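The next block holds one structure in the form of structure tokens; read it before the comments.
The values are calculated or read from the model by the stated rules, or taken from the named source; none is laboratory data. Since this is a predicted model, take the numbers as computed values, not measurements. With ideal geometry, Cβ positions are generated from the backbone for all residues, glycine too; neighbour counts draw on all protein chains shown. Accessible surface areas use protein heavy atoms only, side chains included; no ligands, DNA or RNA. Shrake-Rupley method; radii C 1.70, N 1.55, O 1.52, S 1.80 Å.
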Amino acid sequence: MAEVERLAGQLIDLADTGVDISELGNGPRPGGLRRMDAAGGWFYFLVAPREPLVIIVRIVPPFDAL
């Protein structure tokens, strides 16, 4: 959980500097649901196009932690 919070904070910091974070992570196209690796697991997020908002949709822990 702490790793996801840290990475989400970094996404917000990048957005504050003007970087288009809707193209970061893995996903079929910019602006849609994105996936980013985090501490052996991953998390899914959305970037609101007209609002300064990053929405964490789902967190998947590493399989050995399940």
Is it the case, given these coordinates, that Glu51 is part of a helix (DSSP H, G or I) and out of contact with any His (no Cβ under 9 Å at 6 or more places or on another chain)? no
If you go through region 6-26 one residue at a time, do you hit one that is charged (D, E, K, R), modelled with pLDDT of 90 or more and within 14 Å of the chain's Cα centre (by Cα)? no
Checking Leu7 against (1) touching a residue at least 12 places away in the same chain (Cβ under 8 Å); (2) open to solvent by 70 Å² or more (accessible area, probe 1.4 Å); (3) not in a strand (DSSP E or B): exactly one of these is not met. Which one? (2)
Counting just the residues of region 18-42 that are surrounded by 17 or more Cβ atoms within 10 Å (Cβ to Cβ) and in contact with a helix residue (DSSP H, G or I) (Cβ under 6 Å, 6 or more places away or on another chain), which one comes out nearest to Arg6 (Cα to Cα)? Ala38
